[in-house]
1. What are the ³J(HN,Hα) couplings of the stretch 171-178, residue after residue, when phi is run through the Karplus curve with 6.51, -1.76, 1.60 and θ = phi - 60°? Round to Hz, x for glycine and proline.
2. Near the amide H of Ala37, under 5 Å away, which other amide H atoms are found, from residues 5 or more places off or on another chain, if H is placed in the peptide plane?
3. Which value, in debye to the nearest 20, describes the size of the charge dipole of the stretch 92-206 about its Cα centre when Lys and Arg Cβ atoms bear +1, Asp and Glu Cβ atoms bear -1, and nothing else is charged?
4. In whole Hz, what ³J(HN,Hα) sequence does the stretch 43-52 give by Karplus (6.51, -1.76, 1.60; θ = phi - 60°), x for Gly and Pro?
5. Farthest toward the dipole's positive end in the stretch 1-160, which of Val12, Ala118, Ala62, given Cβ charges of +1 (Lys, Arg) and -1 (Asp, Glu) about the Cα centre?
6. Give the distance, in whole Å, between the Cα centre of the stretch 63-90 and the Cα centre of the stretch 160-212.
7. Which one, Ala100, Ala164, Ala197, has the greatest fluctuation when you compute a Gaussian network model over the chain with C-alpha springs under 10 angstrom?
8. With n ≥ 4 as the cut-off for DSSP H runs, can you work out [θ] at 222 nm for the chain, using -39500 (n - 2.57) per run divided by the number of residues, rounded to the nearest 500?
Amino acid sequence: MRIGELSRRAGVPVPTIKYYVREGLIPGGERTGPNQAQYGERHVHRLKLVRAMVEVGKLSVAATREVLGAIDAPDSSLHEVLGIAQAAVTPQVTVTDPVAWALAEQVVADLVARRGWAVKETNPARQALAQLVMTFRDLGQDDLLGILDDYASVAERLAAAELAAIGHREGVDSKVEGAVLGTVLGDALIGAMRRLAQADASHRAFETAPVPR
């Protein structure tokens, strides 16, 4: 197919496709002339994958390239690829108050120990959680920190279900891609589902008027 058809199939503008090719996110087409190239189904799939990471997952081009490199590496384990994807979607933390930061890190360390999680101290999610703990405390929301284990219980069940679903797939490539997309898009999915559940819980707890039909 020509690049115009690739654009229509994947829902990505031609200039964006050319940009992704230049950035190494998708392979170039097979040259059939000085200014012509042919693309196949693998390009359609790869382009949709890139679009999901960049537009839905909100990854930078550099982070997307890193994750795709992990997907393409033949010797990478599923656990290694998952770690790379997690690092790509987890914002870097800047410590501004060392004392408060140390206290927040201890809360996270205690949680990890209490739950028996096999998580390295260098895992960026630990720093992200510590920053959230520090922010909650700074805003006087300590009661919400009192339900950290409730959050953890939900996260455990969800993580187990996600990886079990991926584990039943056939083929390493499919499993790796599922782990990456589950990580990159999963945060957005969880956020949307949680807001729906919050709306329902808020109605049941605080709303007295009947639900419009």
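Every read-out reported here was derived from the displayed coordinates using simple, explicitly stated rules and does not represent laboratory data. For clarity, every value in this text was computed on a predicted model and none was experimentally measured. Every residue, glycine as well, gets a Cβ built from its backbone with ideal geometry; the counts of neighbours run over all protein chains shown.
1. x, 5, 4, 5, 5, 4, 5, x
2. Correct list: Ile3, Thr32.
3. 200 debye
4. Those phi angles translate into 5, 4, 5, 5, 5, 5, 5, 4, 4, 4 Hz.
5. Highest projection toward the positive end goes to Val12.
6. Each part's Cα centre sits 21 Å from the other's.
7. Result for the chain, Cα springs under 10 Å: Ala197 fluctuates most.
8. Theoretical 222 nm ellipticity from helices: -21500 deg cm²/dmol.
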